[in-house]
Amino acid sequence: MTDDSLIAVQPAASQHKTTCCYCGVGCGVNAQVSHSTVIAVSGDRNHPANLGRLCVKGTALHQTSQSPDRLLHPMVNGVRSTWDAALEHTANGFRRIIDEHGPNAVAFYLSGQLLTEDYYVANKLMKGFIGTANVDTNSRLCMAAATVAHKKAFGYDTVPGCYEDLETTDLLVLVGSNTAYAHPVVFQRIVKAKAERPKMKVVVIDPRRTATCDIADLHLALRPGADAFLFNGLLSYLADHDGLDQDFINSSCEGLDAALATARAQVPSVAQAATICDVPAADLERFYQLFCATPKAVTVFSQGINQSSSGVDKGSSIINCHLASGKIGKPGATPFSITGQPNAMGGREVGGLANQLAAHMGFDNPAHIDKVARFWHAPNMAQHEGLKAVDMFEAIHRGEIKAVWIMATNPVVSMPDANFVREALERCELVVVNECIANTDTAKLANVLLPATTWSEKHGTVTNSERCISLQKGLVPAPGEALNDWDILCRFARKLGFEQGFDYQHPVDIFREHSALSAFENNGERDFDISAFATISKADYNQLAPVQWPVNAAAPNGTKRMFSDGRFFTPSKRARLISVTARFPKKPPNNGQMIMNTGRIRDQWHTMSRTGNAPHLMSHMDEPGVDIHPADAKQLGLSEGELAVLENLGARYLGRIKLNDGQRRGEVFVPIHWNDRFASSSRADALVNAITDPICGQPEFKHSPVKVSAYKPVWQGYLHTTQDLAPASDYWCKILLATGFKYRLAHNAECDWAKWLRSAYPQVNDWVEIRDSARAFYTGAGFVNGALVVALHVSRDGKDVAEHRWLDDQLGQPCDLNQRFAVLAGHGGSDVEDEGRIVCSCYQVGEKAIVKAIAEGAHSSAALGEKLRCGTNCGSCLPELNQLVNIHYLAKLATAVE
Ligand SMILES: Nc1nc2c(c(=O)[nH]1)N[C@H]1C(S)=C(S)[C@@H](COP(=O)(O)OP(=O)(O)OC[C@H]3O[C@@H](n4cnc5c(=O)[nH]c(N)nc54)[C@H](O)[C@@H]3O)O[C@H]1N2
Ligand SMILES: Nc1nc2c(c(=O)[nH]1)N[C@H]1C(S)=C(S)[C@@H](COP(=O)(O)OP(=O)(O)OC[C@H]3O[C@@H](n4cnc5c(=O)[nH]c(N)nc54)[C@H](O)[C@@H]3O)O[C@H]1N2
Ligand code: SF4
Ligand SMILES: [Mo]
C-alpha cells in the first residue's frame, strides 16, 4: 500500500473484510491481522457470493501469502536496481522503440488477476496516451469467446444471471465446467440447493466424468468439441416439440429463423445429434426433453466451451436455446458464462482486451473511440484494435513488437505453444515483468523485473462472475520495495511525460474516473454503468460493500439480474439469435495419436506460484498426472503409477499414469499447473497447438493431438531433502513438505548415487546406506547431529521404492538406530499405517483411512466426517468422499444384491 491510513499499524489482532484472490466466485473473506501478517481467514457470512463458505484454496489464503521466493526489489538485467533507475530504463526503452518504430512496436500483456484500478490505468496509458491497442490479457485464454458471444446476442458483454439462479433453477446444465474443482463454493451452493429441493435436476456435459458428476442426474460424455452440434440439436428439438416461447421471441428476439434453419440442416434429428456427439440417443433425448419441459433452466458454461477454435459459436449455440425458449432474465433461468479469475470481469469492464475499449465500449464503433478519447483527453488515441495474445507473441517472435510489459501472468507456462512463447521473449529487446515471485518461468526472461504487491497488500476492486464488485483490501504493508501495479504504471507514465492523467494518489481516484466513464454519454445505451460511484468518498470506497452492477440512479443498490424487462442493448433492443454452423476442433488426431485435454485440479491455482508453496495444498495431487482409460493404457503398455510421455510440437510432457474409466477412449487429461519450477518436463502448454478461434482469438486448449507412450527410465525413485537440491535427471518433480522437499526422480542413464550424495551434501558425515550386489537398488540417508537431512530411495524397476507418507514427516527429526532402519526401509514399520493419497486437505485425511472407515461402517460422507473429520471444513473433498463410498460400499452392495 502507498496509503498509510490503509496499512494502519495493527493492534494485537484485528478483523477485516476482504475478497479471495483466487477464482471468479469472488468469495468474501474475514481476515484476521496481527503484527502486519494475516494470521487467519474465514468466510464472510454477509458476502452474497459465498454466505460464509470458503473452499480449500480460500481457507489457505493466509498460509500462501508469504513465499520464500518473493520478489522484493526492482532488478535490471539480473542486477538489483532502484525504482527510479528501473523505470527510467524502461521508459527510455519504450520511448526509443516508439520513436524508431511507432507505438505498435510495444505491447502490454495483462491479467484477470490485476485489480480493476490497475487494469484501468494500463489500458488508458496504452490506448489513450502511447497510442496502441496492443494490450491484451490472459482473459484471451479464458473468457474471450464468451465475451463475443454475449456481445453478439445482447449487444454488450453482459452476464445476465446471478448465483441465486443456480440455486432456484429446476434444471442446471453444466457444460465444459468442472464446477466442483474450479468454482467449489458455487458447487457447494448447488449441492445444498439440490439436497433441499430434490426435484432440481443437474446435467453435466463433459467428455470426462469429473468430480462435478457427483451431483449429476445425467452425464453426457460427449465427443470432444461436439457441443455446438448438441445445442443446435436442442434448438431443432425445441422447435419440433413446442419448446419455443413465441411471445418472448416476438417481443424480444430476432434471427430465430436463420439460426433454426442452420441448426436443422446440420442436426435434423435427435438420433443424428446422438451419433455426432457420440452419446446414447436415449440420454440425449432425456436432456432435450428436460430442457424443453423445464421453464426454469440455467446453462453454466466454462472452458470446455470457450477454449475452442469455435468457442464463440459454441457460446452462441447455448444462448440461442435460452433465447428461443425464453429462459433468460428470469429467476432460475439464464445462460451463465462462469468466469475463472478473480477479476476477469473487471478486466472486461475496463476494456483490457485488444479489441475492447474502456467501459464496455469497442473499436467496432467510431463513436465509442471518440467518446473515450474525449473523456480521457487522450493525446494519442488508438483507432484500431490491437493484436490478440497469440498474434501478439507471434509479432514479438518476428521482432515486430520490440518491447513487452507482462503483468500478473505467466505466459511461458499458460500460453499455447509455450516453448515458442519462451523463444519469443528470449528474442525480444525489452521484456518488463511485474511480479510478486522472483523466479517464475516468465520472470526468468525479464530484462526488467518489478516487484508488485499482491493479495492482502494491494487495495482495490474486483468483479466476480455475477457482476458483483467487491474490495480486495490492503491489510498489511508491502514487503521489501514492492509497489502496487497501478502505482508502477503511473510512475512509468509520468516518466514518459504524461503527467496529467496519471497523477492518482489512491485507488479511489481511479475507481471514480472509471465509474464516471461508465456513465459518460451513456444514456442507457451501454450495459456497464456504475455512475453511482463517480463521486464516492475515500471512506466509503474503503468500506465498499459488495454490489452487482449496474449501480446507477435507477438501481442505486445494484442489479441482481439483467434483461428482466425483455429489453437488450442492441440497436433494436432485441436479442439476436446467431446462425451457428457447428464445427469440430481444427486438428483431429492422426492414427496413433490421442487427444490431450487439459484443465484444473482441485487444490492448485494456475502456475502454482502461490499454491505450490503450501504443503497441504500439494497433498491432494502432488505430481503432474496423465489420466487415461484403462483399455487405452493396456493397448499402449502403460500401467498405473508408471510414467507416460506425451509428445507434440517437439516438446514432451512427463506425468504419472492414472487409470481412469471416466476418461473417454482416445483422450488423456493432464493438469495445466506444473511448470519448470516444479517439474522437469511437465508444461502441458508446450504441447498445445496455437490454434485459435478466428473471431475471438481464444486458443483450442482442450484438444491437442499428442503421441502417448510409456517412459522407461534406467532408474527411478524419490529423494527427501531439507535443501532444495536434487540430481540432474530426465524427470523430476518437486513436492513441498513441512520441513523440506520431496523429489520424485527418473533418469535414462546410470548414476553413482553414493558419490552424488556425498558431493551434494558435503556437510553430512554420517551416512547409512544399503545397496544390493547387482546394484538394482540403492538407499542412502544422511544425518547431521543425528537428524535426518537427506534420504534417497532408487531402483532400476521402481519396485523397491514404494513410498510411504511417514517419511515425509521425518526430515529434521533426530533418528535413533531403529528409526535409521525405518528411514532406509522407507516406512515407519508395520504398525505405522500409511495414510495413502490425501483426500481431505484441510484435515489431511488419506484415502486408506477413509477406505478403512467405510469398511468399518461409515457409509456416507457425513458418517466419514463424523468419524475422521474429513469434508467437514471447506467441503471441497465431498465429491471424492462420495465417490469412495460408491466404490467401496455401494458398488459392492449392488454386486452382492445381484
Ligand atoms: N482449483 C482451481 N480452480 C480454478 C482455477 C485453477 O487454476 N484451479 N482457475 C480458474 C480459472 S482462471 C478458470 S478459467 C476456471 C476454469 O474452470 P473450468 O472451465 O470448470 O475448468 P477446466 O478444468 O479448465 O475445464 C472444464 C472442463 O471442460 C471439459 N472439456 C474439455 N473439452 C470439452 C468439450 O469439448 N466439451 C465440453 N462440454 N467440455 C469439455 C474438461 O474435461 C473439463 O472438465 O477455473 C477457475 N478456478
Ligand atoms: N492448456 C491450457 N492452458 C491454459 C488453460 C487451460 O485450461 N489449458 N487455461 C488458461 C486460462 S483460463 C488462464 S486464466 C491462464 C492462467 O495462466 P496465468 O495467468 O499465466 O497463471 P497464474 O499462475 O495465475 O499467473 C499469475 C502470475 O501473477 C503473479 N501475481 C499474483 N498477484 C499479482 C499481482 O497483484 N500483481 C502482479 N504483477 N503479479 C501478480 C503470480 O505470482 C503469477 O506468477 O491459463 C491459460 N492456459
Ligand atoms: S471458491 Fe475458493 S478460490 Fe474461489 S473465491 Fe471462493 S474461496 Fe476463493
Ligand atoms: Mo481463466
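With 0.36 nm allotted per residue and the present C-alpha distance subtracted, the LYS852-ARG45 stretch has 287.0 nm of extension available. Listed peptides 650-661, 242-253, 482-493, 407-418 appear in the order 407-418, 482-493, 650-661, 242-253 once ranked by packing, highest mean of other Cβ atoms within 10 Å at the front. Accessible area per residue for the chain, computed on protein heavy atoms with a 1.4 Å probe, is 34 Å². Taking the alpha-carbon centroid of each part, what is the distance from region 688-734 to region 340-412 in angstrom? Spelled out, the Cα-based centre of one part sits 31 Å from the other. Ranked by the mean number of other Cβ atoms within 10 Å per residue, highest first, peptides 349-358, 628-637 order as 349-358, 628-637.
For the residue pairs LYS57/LYS330; LYS799/LYS848; LYS151/LYS586, alpha carbon separations beyond 28 Å are given by LYS57/LYS330. I'd like the carbon and sulfur percentage of the solvent accessible area for the chain, probe radius 1.4 Å, heavy atoms only, ligands and nucleic acids excluded. Here it works out to 51 percent.
Eigen-decomposition of the gyration tensor built on the alpha-carbon atoms of the chain gives equivalent ellipsoid semi-axes of 42, 35, 26 angstrom, largest listed first. Share of pairwise Cα-Cα distances greater than 24 Å in region 144-337 is 31 percent (whole percent). Just tell me which lysines come within less than 16 Å, Cα to Cα, of LYS458; anything on the same chain fewer than 8 places away is out. In chain and number order, the partners are LYS17, LYS473, LYS538. The separation of region 97-159 from region 454-475, counted between C-alpha centres, amounts to 19 Å. Find the percent of Cα-Cα distances in region 1-151 that exceed 28 Å, and round it to a whole number. Distances greater than 28 Å cover 41 percent of the Cα pairs. Are any of the pairs LYS867/LYS892; LYS201/LYS560; LYS152/LYS402; LYS712/LYS892; LYS296/LYS573 more than 30 Å apart by Cα-Cα distance, and if so, which? Flagged as over cut-off: LYS152/LYS402; LYS712/LYS892. Simple rule: put +1 on each Lys or Arg Cβ and -1 on each Asp or Glu Cβ in the chain, find the dipole, and look at ILE695, VAL270, ALA539; the Cα lying farthest toward the positive end is VAL270.
The values are calculated or read from the model by the stated rules, or taken from the named source; none is laboratory data. From a predicted model like this one, the values you see are computed outputs, not experimental measurements. Virtual Cβ from ideal backbone geometry, glycine too; neighbours counted across all protein chains shown. Surface accessibility is based on the protein's heavy atoms, side chains included, excluding ligands, DNA and RNA. Shrake-Rupley method; radii C 1.70, N 1.55, O 1.52, S 1.80 Å.
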